[in-house]
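Structure first, commentary second.
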Amino acid sequence: MKNASVLLILMSFFVFAGCRTTPPPAKRPPPKLGARPPIGLPPSSQTIDDEPDIPPPVVPPAQPEETFRPPPPQVARKVAVILGPGGSKSFAHVGVLKALQQQRIPIEKVVGLEWGALMGGLFAIKGTTHDVEWKLYKMEQQNLLQPKGFFSRKGEENSLSVMDGFFNDVFGREEISKAKLPFACPSRSINGGVIAWQKSGPFKDAVKRCLSFPPVFKAQGTFIAGASQATEAVEMLIKEGYNVIILVNVLGSAMPVAQDALRDNLNYVILWQEIKRSIYETSRLNIDTINVDTSSVPMTNFAAKKDLISAGEAAGTKSAAALITKYGF
């Protein structure tokens with residue numbers, strides 16, 4: 001009987017122990033708003049944040065810097081040069097053309113504005129700067145560049161007829177259609193303002209129409225130089241298929257007209273300021289520009305021919321290196 005009591009007590013103890021439940025695990029504090037779930041919890045226990053995690057931006061692998069690739073060999077390069085205006089400063093064009101030729105950059109057409117028309121016309125006949133320099137030397141022989149010559153006059157517009165002897169010597173009966181290089185220059189009608197491109201006929205007549213411009217020359221008949229037609233020149237060349245267009249700007253950073261002209265004729269100063277602006281606007285087009293610093297030389301100082309040619313050659317040599325790299329000449 002005693003043993004039965006002990007057995008009953010033991011059975012009651014095990015039954016009571018089996019009825020107890022396992023205590024729940026300790027509660028973790030809820031995650032803060034926007035925080036990541038605690039590391040180590042099973043997926044079913046992770047809390048979804050109110051603000052989902054934003055994956056870091058994908059950074060593409062570093063690429064090598066782009067280098068200029070010249071046009072493929074099968075694309076022909078047609079090179080045209082626009083020689084800008086500037087009176088005596090235009091002598092610098094000769095130096096630029098000389099540098100481009102020395103670096104074997106092929107010039108296939110020349111457009112000249114104002115005095116750039118004279119330099120461009122002389123160059124187009126045979127396509128060599130040696131011929132241009134020799135013909136400009138005849139200008140000195142005729143006493144036009146000397147201190148007592150025609151170009152030493154100040155404060156007045158002169159008749160272009162004084163250049164007749166020079167034009168006869170350097171152009172003779174040369175026709176634009178028979179020149180070594182195609183040539184064009186713009187002139188403007190003083191009556192209706194219409195631009196006429198001189199592309200044919202005698203060089204002498206075409207250059208006269210494109211050269212006359214204050215403060216050096218009076219109008220040639222009803223024509224005056226199209227000194228501000230640089231943008232129109234670019235448009236014309238693009239239509240003709242030229243894909244390398246080089247604008248040569250010889251006006252420099254200073255006032256093109258001497259300061260004493262402010263007293264003599266304010267209109268000249270305003271006129272040339274607008275021409276400078278038009279050249280600047282054209283240089284912002286998708287073309288190449290060679291700037292020659294002629295700031296120390298007034299546009300009526302024709303005696304500075306040698307210094308201006310040297311300045312043009314220096315600027316042309318520097319720019320030619322960049323053109324060779326860009327186009328692979």
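The values are calculated or read from the model by the stated rules, or taken from the named source; none is laboratory data. What you are looking at is a predicted structure, and each value in this text was computed from that prediction instead of being measured. All Cβ positions, even for glycine, are placed from backbone atoms using ideal geometry, and neighbour counts span all protein chains on display. With ligands, DNA and RNA removed, areas are computed over all heavy atoms of the protein, side chains included. Shrake-Rupley method; radii C 1.70, N 1.55, O 1.52, S 1.80 Å.
How about the range 211-329: which strands (runs of 3 or more DSSP E) wholly inside it have at least 3 residues that are within 20 Å of V111 (Cβ to Cβ) and under 20 Å from the mean Cα position of the chain (by Cα)?
Answer list for the range 211-329: 244-249, 288-291.
Out of the residues in the range 293-329 that are of a type in the set (D, E, K, R) and under 30 Å from A76 (Cα atoms), which is least open to solvent (accessible area, probe 1.4 Å)?
Out of the qualifying residues, it is E313.
Quick one: in the range 127-164, of everything that is within 22 Å of K218 (Cα to Cα) and buried (at least 17 other Cβ atoms within 10 Å of the Cβ), which residue is modelled with the highest pLDDT?
My answer is L136.
So in the range 165-207, with the set limited to residues that are of a type in the set (S, T, Y) and open to solvent by less than 70 Å² (accessible area, probe 1.4 Å), which one is modelled with the highest pLDDT? Spell out how you get there, then give the answer.
First, pick out the residues of the range 165-207 that are of a type in the set (S, T, Y): 177, 187, 189, 200.
Subsequent filtering for residues that are open to solvent by less than 70 Å² (accessible area, probe 1.4 Å) retains 187, 189.
Values: S187: 96, S189: 92.
Among them, the one singled out is S187.
Select from the range 222-238 the residues that are over 17 Å from V75 (Cα atoms), free of Cβ contacts under 8 Å to residues at least 40 places away in the same chain and open to solvent by 60 Å² or more (accessible area, probe 1.4 Å) and list them in ascending order.
T222, E235
Does the range 284-329 hold any residues that are more than 13 Å from L100 (Cα to Cα) and among the small types (G, A, S), and which are they?
The answer is S295, S296, A303, A304, S310, A311, G328.
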